[in-house]
Amino acid sequence: MEIEKTILEGCVILKPKIFNDGRGYFFESHNEAKFNEVTGTATKFVQDNQSFSTYGVLRGLHAQSGEYAQAKLVRVLSGEVLDVAVDARPGSATFGQYVAVRLSAENNLQLFIPRGFLHGFVVLSETAVFSYKCDNYYNKESEKGVIYDDPAIGIDWLVKAEELELSEKDLILPTLAEAYSK
């Protein structure tokens, strides 16, 4: 497994070692010991989630707060997405900055998003199956979010605004300043 650091401390891209032959390929998608060694963490994932979406579906920007904060290890099983992590750690030197990575079934990249980050993705292919591990259980009362088009963050989602499809809940999220001013 290779690791590529991003501009956001703790948020890293993981590239698995892929073994190809005439029958196809094999790779280890997760190994706790190797993962913790290369990331320098002691992360133990307790929940796996999966979603199916069509082109232009944008899910995010989401986080969980307090004792239910979650670190995530995300990847795409089919299709392609633009995956985004935003540093929402108050006091961080990179607060409000983001990293965007194309994740696809072809490149097999994974993004590790530590606790304290907002997360979202948009589907760039006709359809996509998105999978992620969480190091903490979901808790509805701990949901937090920021509007996807907050100009203070300035994310280029690579999809025209009129082609985006968001949930009603995601359309009314506050800005980063509103969500994190308390």
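Sorted fewest first by neighbouring Cβ atoms within 10 angstrom, THR54, THR6 come out as THR54, THR6. The stretch between LEU77 and LYS140 holds 20.1 nm of extra length on full extension. This uses 0.36 nm per residue minus the Cα-Cα distance. FRET efficiency for the pair GLU163 and GLU9, taken as 1/(1 + (r/R0)^6) with r the Cβ-Cβ distance and R0 = 22 Å, rounds to 0.10.
Checking every one of the trypsin sites (Lys or Arg not before Pro) in region 91-167 against DSSP loop status and a limit of 14 other Cβ atoms within 10 Å picks out LYS160. In this structure, the residue pairs whose Cα-Cα separation is over 31 Å, taken from LYS133/LYS160; LYS17/LYS169; LYS5/LYS160; LYS5/LYS133, are LYS17/LYS169.
Going 7 Å from the Cα of PHE52 toward and past its Cβ, which residues in region 79-113 have a backbone nitrogen under 16 Å from where you end up? Output list for this probe position: 79-80. For region 140-182, dividing the convex hull volume of the Cα atoms by the residue count gives 85 Å³ per residue. Tell me which of GLN47, LEU61, VAL74 sits at the most positive position along the dipole axis of the chain, charges placed on C-beta atoms (Lys, Arg +1; Asp, Glu -1). Of the candidates, GLN47 comes out farthest on the positive side.
3J(HN,Hα) couplings calculated from phi for region 104-112 with the Karplus curve 6.51 cos²θ - 1.76 cosθ + 1.60 (θ = phi - 60°) are, in sequence order, 8, 5, 7, 8, 6, 6, 10, 10, 9 Hz; Gly and Pro show x. The shape of region 44-179 can be summarised by an equivalent ellipsoid whose semi-axes, obtained from the alpha carbon gyration tensor, come to 21, 18, 14 Å from longest to shortest.
Magnitude of the charge dipole for region 44-179, about its Cα centre and with charges confined to Cβ atoms of Lys, Arg (+1) and Asp, Glu (-1), is about 540 debye.
In loop segments of region 72-168 as defined by DSSP, the chymotrypsin sites (Phe, Trp or Tyr not before Pro) with at most 16 further C-beta atoms inside 10 Å of their C-beta are PHE95, TYR137, TYR138. Between the DSSP loop rule and a limit of at most 13 other Cβ atoms within 10 Å, which trypsin sites (Lys or Arg not before Pro) in region 1-96 are left? Passing sites in region 1-96 are LYS17, ARG23, LYS44. When the Cα positions of GLY96, PHE27, ILE3 are compared along the charge dipole of region 1-128, GLY96 comes out farthest toward the positive end, with charges on each C-beta of Lys, Arg, Asp and Glu.
In terms of other Cβ atoms within 10 Å, HIS30, HIS119 run from fewest to most in the order HIS30, HIS119.
On full extension, the segment bounded by ALA152 and LEU171 gains 5.2 nm, given 0.36 nm per residue less the C-alpha separation.
Readers should treat all values here as calculations from the given coordinates under stated rules, not as data from a laboratory. Computed from a prediction, not measured in an experiment: that's the story for all the values here. In this analysis, Cβ positions are derived from the backbone assuming ideal geometry, glycine residues included, and neighbour counts consider all displayed protein chains.
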